[in-house]
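Step one of this worksheet: look at the structure below.
What follows draws every value from the coordinates through simple rules; no lab data is involved. Quantities reported herein were computed from a predicted structural model and do not represent experimental measurements. Glycine also receives a Cβ, built like all others from the backbone with ideal geometry; neighbour counts cover every protein chain displayed.
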Protein chains: 2
Amino acid sequence: MPGYTTIEWEDGVVRMLDQRLLPEQVIYNRYRRTSEVAEAIRSMVIRGAPAIGAAAAYGLALAALSSRAENLDDLRRDLAQAAEVLRQSRPTAVNLSWALDRILQRMEKSQPITVEEARLFVIEEAQAIAVEDVETNRRMGLNGLPLVPDGARIIHHCNTGALATVDYGTALGVVRAAHEHGKKVHVYVDETRPRLQGARLTTWELQQLGVAHTLVVDGASGYLMSRVGIDLCLVGCDRMASNGDAANKIGTFNLALAAHAHGVPFYVVLPFSTIDFSIMSGDEIPIEERPEEEITRIGRTQLSPRSVSAFNPAFDVTPARYITAIITERGVAYPPFEESLAKLKEQ
Amino acid sequence: MPGYTTIEWEDGVVRMLDQRLLPEQVIYNRYRRTSEVAEAIRSMVIRGAPAIGAAAAYGLALAALSSRAENLDDLRRDLAQAAEVLRQSRPTAVNLSWALDRILQRMEKSQPITVEEARLFVIEEAQAIAVEDVETNRRMGLNGLPLVPDGARIIHHCNTGALATVDYGTALGVVRAAHEHGKKVHVYVDETRPRLQGARLTTWELQQLGVAHTLVVDGASGYLMSRVGIDLCLVGCDRMASNGDAANKIGTFNLALAAHAHGVPFYVVLPFSTIDFSIMSGDEIPIEERPEEEITRIGRTQLSPRSVSAFNPAFDVTPARYITAIITERGVAYPPFEESLAKLKEQ
């Protein structure tokens with residue numbers, strides 16, 4: 001394990017590594033209120049679909065802990081309010097809603113008699129979500145392992161490592177599993193504009209894991225495939241429709257198009273909780289638009305004339321037809337994904 | 001005309017707008033030596049294939065002016081040396097070699113009798129190259145005009161405006177011609193990592209021209225085409241093979257792949273001097289690799305862990321099959337380009 005923890009529950013306090021400051025500074029923030037957790041998600045102290053799920057879960061646990069409700073109905077009202085605040089923080093990642101719904105359902109199913117009991121169920125379930133996430137990631141890593149040849153040159157977009165999850169990672173978890181099993185791999189790290197999660201976070205994680213890597217700009221993938229040689233692409237996912245369409249960090253779709261044109265396998269790695277079976281296609285996935293300043297400024301440096309307007313969709317949708325396979329903790333799904341995902345769902 | 005000049009010859013001094021400082025500072029540098037001009041090209045004080053051609057031409061003119069040769073053979077030797085220094089400054093743009101060869105050939109053809117006469121021919125020809133470049137660009141703009149529908153939403157990569165040429169621009173020249181002819185267009189400006197020519201230079205030029213535009217990250221083109229709607233792409237070129245394969249700023253190939261997948265016309269705009277008829281395909285085009293720091297740092301901000309290594313190819317090659325048409329000052333070429341370009345060459 002590397003020497004950092006993305007998110008932790010510590011006696012009624014949520015502790016998060018502030019990813020906006022990495023790799024220059026390693027600073028942990030502590031949160032005691034649901035609204036603070038929602039703001040941390042919105043401002044991207046924490047990011048990555050599975051990590052957002054865990055953060056939302058702990059945010060709800062904080063609400064349960066601090067509620068002054070004296071009966072179950074009042075507690076339910078407080079929790080519903082808190083869940084709504086958390087749900088508004090970021091619209092695209094479905095793990096957020098999934099975690100909240102799972103906790104509220106678990107509480108009802110357990111038929112608590114006292115407020116104290118209900119509070120405990122909520123906190124327990126939030127912790128269960130975090131613990132399971134690590135196990136889920138390890139299983140994805142093992143399921144993806146056979147798809148990574150020894151000596152593989154891999155393009156990876158955004159950050160999907162321990163920092164994007166509670167620990168271990170999704171797409172980077174597959175890289176990590178390959179590395180741990182003695183396969184030699186080289187990762188070309190897309191810097192991932194505008195927020196540079198690749199340049200800042202993925203390189204940092206790969207350094208600590210001792211995996212060989214090279215930083216590139218997002219626009220270099222066509223060049224790498226045509227002139228250098230790439231064996232596969234590995235990306236994560238923020239929400240997948242039941243047909244396999246995958247919303248992920250802006251630039252993922254372009255990478256998939258380059259892979260398709262060059263016959264390079266394109267794998268999406270995600271926990272099952274990222275699949276939204278309530279929607280038929282990616283057209284139904286809301287795409288978050290983030291502040292223009294993420295594009296026009298970096299640190300203290302203004303990149304464009306000050307009055308320029310920018311358009312900053314945080315995600316794009318890769319149509320299922322450009323995806324070679326979907327790697328989940330339940331197994332690997334191949335096209336047609338409607339069928340293969342539905343089959344894995346029944347397991 | 002906007003109120004800036006990319007490059008000028010002023011009584012034996014070459015004056016260049018330092019594009020590394022734009023848009024924050026508008027500063028002109030003055031050069032009296034060939035080696036300084038070569039260094040200005042290498043360090044990208046000036047960039048853009050046609051502008052590099054003009055800079056090389058003036059660099060050779062400086063060599064002619066400052067040579068202490070007392071006979072024609074000595075002058076030829078000095079000029080050949082200067083040409084070699086200039087040729088080494090950047091390897092991909094062919095306009096550089098084209099300009100140098102044209103000047104040296106002109107000098108020989110004119111059969112100078114004295115050193116003074118030869119010197120004059122060199123300086124005259126360098127000035128002719130710069131003057132012709134503007135006229136060439138205007139003709140490209142007019143030739144491209146019918147391909148731009150009124151209301152067009154255009155994606156543009158890198159900078160190809162007045163700053164990339166002596167004046168007016170290549171791909172942006174087509175935008176400018178459309179704007180001047182009363183067509184309403186909206187340009188989505190690829191920021192163009194790593195050096196951000198789009199964010200810094202293209203937005204600046206479009207502001208001064210009064211053309212509507214929006215800055216986007218390079219990875220957003222797939223999203224824009226699938227969700228927003230794009231009518232065409234316009235890019236420049238640093239060297240084209242005789243089959244139409246086009247070397248241009250890194251990320252151009254990815255944009256072409258996105259356009260191809262969405263049925264969006266992809267136009268390459270270039271002066272005929274950018275076509276290298278001595279090579280059969282893009283495989284023969286040398287691709288410059290630039291310093292890692294262009295990716296790992298912006299201004300004073302370190303983007304990645306300090307020890308990370310980056311791979312920074314400045315250009316990629318878009319295969320001719322992804323190009324809808326090639327817009328030149330001699331006319332518009334359609335596939336198969338071997339034939340259509342050869343035909344235009346004969347004009």
Check your understanding: Under 5 Å between amide H atoms, partner at least 5 residues away or on a different chain: which partners does B:L215 have, H built in plane at 1.01 Å?
Key -> A:S309, A:A310, A:F311, B:V189
**Study point:** Backbone N under 15 Å from the B:R76 label point (7 Å along Cα→Cβ), restricted to the range B:33-67
**Key:** none
Check your understanding: Highest GNM mean-square fluctuation, chain A, Cα pairs closer than 10 Å: which of A:L72, A:L163, A:L62?
Key -> A:L72
Check your understanding: By how many nm would the segment from B:E108 to B:A342 lengthen if fully extended, with 0.36 nm per residue of separation less the alpha-carbon distance?
Key -> 81.6 nm
**Study point:** Residues with amide H under 5 Å from that of A:R297, placed H, sequence gap 5 or more
**Key:** A:L303
Study note, to complete from the structure: Check: C-alpha center the range B:111-180 vs C-alpha center the range B:1-74, spacing in Å is 17
Revision key, fill the gap. Computed Rg/Rh for the range A:40-134 (Cα atoms; Rh = Kirkwood radius) stands at 0.96
**Study point:** 7 Å along Cα→Cβ, label-point gaps from B:E124 to other copies, nm, shortest first
**Key:** 9.6
Practice item. Multiply the residue separation of A:V131 and A:H262 by 0.36 nm, subtract the distance between their alpha-carbon atoms, and state the gained length in nm to one decimal. Key: 43.3 nm
Check your understanding: Hey, how much of the P(r) for the range B:143-226 falls beyond 19 Å, as a percent of Cα pairs?
Key -> 31
Point to revise | Cα-based Rg / Dmax (Å) for the protein assembly as shown | key: 28.2, 109
Point to revise | Peptide B:244-256, shielding by other chains (average Cβ, 10 Å cutoff) | key: 4
Review point. In nm, one decimal, shortest first: how far is the label point of A:A342 (7 Å from Cα along Cα to beta carbon) from the matching points in the other copies?
Key: 5.5
Check your understanding: In vacuo Debye scattering of chain A, one point per C-alpha: log10 I(q)/I(0) at q = 0.06, 0.08 Å⁻¹?
Key -> -0.21, -0.37
Check your understanding: Shielding of B:267-276 by partners, i.e. mean partner chain Cβ atoms within 10 Å per residue?
Key -> 0
Revision key, fill the gap. For the range A:132-273, one quarter of the surface area of the C-alpha convex hull, expressed in nm², comes to 7.6
Check your understanding: Sorted by mean Cβ packing within 10 Å, highest first, what order do the peptides B:79-89, B:280-290, A:97-107 take?
Key -> A:97-107, B:79-89, B:280-290
Exercise for review: Report the FRET efficiency, 1/(1 + (r/R0)^6), for B:V228 and B:R321, where r is their Cβ-Cβ distance and R0 is 22 Å, rounded to 0.05.
Suggested key: 0.30
Revision key, fill the gap. In deg cm²/dmol, rounded to the nearest 500, the helical mean residue ellipticity at 222 nm of chain B, built from -39500 (n - 2.57) for every DSSP H run of length 4 or more, is -12000 deg cm²/dmol
Practice item. List the residues of the range A:34-48 whose backbone N lies under 18 Å from a point placed 7 Å from the Cα of A:L65 along the Cα-to-Cβ direction. Key: A:34-41, A:46
Point to revise | For the range B:61-201, projected area of the alpha-carbon convex hull averaged over all directions, nm² | key: 9.9
Exercise for review: Enumerate the helices in chain A for which the Kyte-Doolittle hydropathy averages -1.0 or more and the C-alpha atoms extend at least 27 Å along the helix's axis, using complete DSSP H runs.
Suggested key: A:115-144
Check your understanding: For the range A:12-94, what is the Kirkwood estimate of the hydrodynamic radius, computed as the reciprocal of the mean inverse distance between distinct Cα atoms, to one decimal in Å?
Key -> 13.1
Review point. Which residues does a label at B:E84 reach in the range B:51-76, if reach means a backbone N under 14 Å from a point 7 Å past the Cα toward the Cβ?
Key: B:76
Revision key, fill the gap. The extension gain from B:E289 to B:E36, computed as 0.36 nm times the residue separation minus the Cα-Cα distance, is 89.0 nm
**Study point:** Pairwise Cα inverse-distance average, inverted: Kirkwood Rh of the range A:195-270 (Å)
**Key:** 13.5
Check your understanding: Can you work out the base-10 log of I(q)/I(0) for the range B:262-330 at q = 0.14, 0.20, 0.21 1/Å, using the Debye formula on its C-alpha atoms alone?
Key -> -0.68, -0.91, -0.94
Point to revise | Euclidean distance between Cα centres, the range B:296-340 to the range B:227-278, Å | key: 8
Review point. From the label point of A:R300, set 7 Å along Cα to the beta carbon, how far off in nm is each other copy's matching point, shortest first?
Key: 0.3
Review point. Based on the mean of other beta carbon atoms within 10 Å per residue, what is the order of A:236-246, A:128-138, A:48-58, A:301-311, most packed first?
Key: A:48-58, A:236-246, A:128-138, A:301-311
